[in-house]
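Following: one structure in structure tokens, then a few remarks.
The values are calculated or read from the model by the stated rules, or taken from the named source; none is laboratory data. The shown structure was predicted, so the numbers you read here are calculated from the model rather than taken from an experiment. Cβ atoms come from the backbone with ideal geometry, glycine included; neighbour counts cover every protein chain shown.
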Amino acid sequence: MGSRRWWTRHGLDRLTYERTITRHHAVWGDTVEVGLTARNAKALPIPWFRVDDFATEELTVADALSFRATVRALPSSGRTWTMGPFERATRRVHVVADRRGVFQLGPTRLSIADVFGRDARSVERKEEESLLVRPRSVPVEAPHDGAPRPGRSDRVRCR
């Protein structure tokens, strides 16, 4: 019983989580890859580990599995993982830029528990990143048939 509490108290020690976005600016219609990496840098295994990496509700995730009412978690987060000693796990998700605006990724909640899911402990990290989605550019061509262009007068300027 005492070892279980000791493990729960120290389970988050030397446990890191990192979110990397391939680019922070996108054009409407692009897909942006987000890498989610967890590292257990200690000899102590982690039998139950959960990451909830939250994002703005309007953000569309191509591989979405779970959503929340006001915020949604990135799909590789929100799952429980098992991590061995000195193990690193990386998941990749794809965000679809189907709406203009600035979208926030973060904060992140890391949770651990013993093998039976008891004696859980959580920590929230405030690291946030943003993704700016700009409107799509459409080429505009001038008329070549001599027709007047909209918004321009056919009058000739006299001096």
What number of residues in the stretch 38-59 are of a type in the set (Lys, Arg) and either without any contact (Cβ under 8 Å) to a residue 24 or more places away in the chain or exposed (fewer than 14 other Cβ atoms within 10 Å of the Cβ) (or both)? 0
Working only within the stretch 102-116, note down all residues that are of a type outside the set (Lys, Arg) and either surrounded by 13 or more Cβ atoms within 10 Å (Cβ to Cβ) or in a strand (DSSP E or B) (or both). Val102, Phe103, Gln104, Leu105, Gly106, Pro107, Thr108, Leu110, Ser111, Ile112, Ala113, Asp114
Would it be correct to say that Arg99 is outside any strand (DSSP E or B) and modelled with pLDDT of 85 or more? yes
Within the stretch 19-37, work out how many residues are without any contact (Cβ under 8 Å) to a residue 60 or more places away in the chain and surrounded by 13 or more Cβ atoms within 10 Å (Cβ to Cβ). 4
For the structure I just gave you, tell me whether Ser122 is of a type in the set (Gly, Ala, Ser), at negative phi, surrounded by fewer than 10 Cβ atoms within 10 Å (Cβ to Cβ) and at pLDDT below 90. no
Report, by residue number, each residue of the stretch 125-136 that is loosely packed, with under 13 Cβ neighbours inside 10 Å and either in contact with a helix residue (DSSP H, G or I) (Cβ under 9 Å, 6 or more places away or on another chain) or without any contact (Cβ under 8 Å) to a residue 60 or more places away in the chain (or both). Lys126
